[in-house]
Amino acid sequence: MSGIRVALVDDQALFRAGVRMLVESQPDLTVTGEAGDGVAAVELAARARPDVMLMDVRMPLLDGIAATERILADADRDGRTPPRVLVLTTFDLDENAARAIRAGASGFVLKDADPEFLLAAIRTVHQGNQVIAAAATR
């Protein structure tokens, strides 16, 4: 059975570990790799070819929005199917939701979202739909 391949990108190792445990608890989801900064995220996308990338906004070397733009442009240039990018942040009143969507992200979720909401968001963006956390649009 092939499931949804998920890549985790966040500069906080403990957060990645928690999300990894959550994702891998699901029979239809598999973690294909992790990155701790935006530059490593671009390399991970090309190497692991995930279906969905969970992308932190604020990271060293290259932020999540710039990394998203680069990942999608690289996939387009190389003729690959681009991953769906689900942007994660702790900042609910910040303009990053709109910036992420303009960059090509498929969704925007707050890091304090309910675990079931995050899992549903992964599946939703994988199906080609967008997810925007309501608190992020205030």
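Summary table below
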read-out	value
Sequence of Arg84, Arg47 once ranked by neighbouring C-beta atoms within 10 Å, starting from the fewest	Arg47, Arg84
Calculated [θ] (222 nm, deg cm²/dmol) that DSSP helices of n ≥ 4 give over the chain, each run adding -39,500 (n - 2.57)	-12500 deg cm²/dmol
Residue order, fewest to most beta carbons within 10 Å, for Leu44, Leu8, Leu22	Leu22, Leu44, Leu8
Footprinting exposure proxy for Asp11, Asp51, Asp114 (fewest neighbouring C-beta atoms within 10 Å first)	Asp114, Asp11, Asp51
Length-normalised contact order of the chain in % [C-alpha pairs under 8 Å, at least 6 apart]	21 percent
Kirkwood hydrodynamic radius (C-alpha pairs) into Stokes-Einstein, the range 1-73, 20 °C and 1.002 mPa s, D in µm²/s	178 µm²/s
Ranked packing of 123-130, 55-62, most packed first, by mean Cβ within 10 Å	55-62, 123-130
In the range 1-105, GluC sites (Glu not before Pro) in a DSSP loop with at most 15 other beta-carbon atoms within 10 Å	Glu95
Quotient of C-alpha Rg and 2.2 N^0.38 Å, computed over the chain	0.93
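Any read-out appearing in this document is the output of simple, stated calculations on the displayed coordinates, not a laboratory observation. It should be emphasised that the depicted structure is a prediction, and the values quoted were computed from it without experimental measurement. So basically every Cβ, Gly included, is an ideal-geometry build from the backbone, and we count neighbours across all protein chains shown.
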